[in-house]
Amino acid sequence: MKYVDFKATMLWKRIDVDGFPKIGKYQCVDLFKFYCDKVYGIRLNKTWNANQIRKNTYRIFSPAWKRLSILVSLRQWDVILSIKWEFWHVAIFDHEENWLIYVLEQNWVWWGNWLGWNAIRLKGYPRRFFIWVWRYM
């Protein structure tokens, strides 16, 4: 599947893969799990938050994946992680423009359940927001 096709089918939808409602229904990890399943055929059952992805806690990444510094030249499909927020954040790299890293992301917000707040979206962040990259080689 091409990245542009994946992005086009996912934008402004929301997804709850694991049914884990304790910290919010539509999490960044849900999009990550869906992405891994649809693009790489990797089914993830144990991963609950982004810091487990960064640490590869449950050995979800095979040797075909490499953990890189954010200082590398990013590529579409790269999985990028931030240590911001309580459980960190995971997103899929889209492009870089005007000093911002644009990612495909989903993140539940506590103040509403309206689709727009919880939907998968393209959002730009300063480069310093992200710190690690997982890349399929």
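The values are calculated or read from the model by the stated rules, or taken from the named source; none is laboratory data. Every value quoted in this text rests on a predicted model; they were computed, and no experiment measured them. Using ideal geometry, Cβ is built from the backbone for each residue, glycine included, and neighbour counts are taken over all protein chains shown.
Per-residue answers, yes or no, for (1) surrounded by 14 or more Cβ atoms within 10 Å (Cβ to Cβ); (2) among the hydroxyl-bearing types (Ser, Thr, Tyr); (3) outside any helix (DSSP H, G or I):
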{"residue": "32", "(1), (2), (3)": "yes, no, no"}
{"residue": "35", "(1), (2), (3)": "yes, yes, no"}
{"residue": "42", "(1), (2), (3)": "yes, no, yes"}
{"residue": "47", "(1), (2), (3)": "yes, yes, yes"}
{"residue": "52", "(1), (2), (3)": "yes, no, no"}
{"residue": "57", "(1), (2), (3)": "no, yes, yes"}
{"residue": "63", "(1), (2), (3)": "no, no, yes"}
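For the stretch 1-53, filtered to residues that are among the hydroxyl-bearing types (Ser, Thr, Tyr) and under 15 Å from residue 81 (Cα atoms), the residue that is modelled with the highest pLDDT is 35.
Taking the criterion of being assigned to a loop (DSSP other than H, G, I, E, B) and surrounded by 12 or more Cβ atoms within 10 Å (Cβ to Cβ), the residues of the stretch 65-74 that qualify are 70, 74.
Cβ-Cβ distances below 7 Å connect the following pairs, each with a first residue in the stretch 44-60 that is aliphatic (A, V, I, L, M), a second residue that is in a helix (DSSP H, G or I) and at pLDDT 80 or above, and a separation of six or more residues or different chains: 44/33; 44/36; 50/28; 50/29; 53/32.
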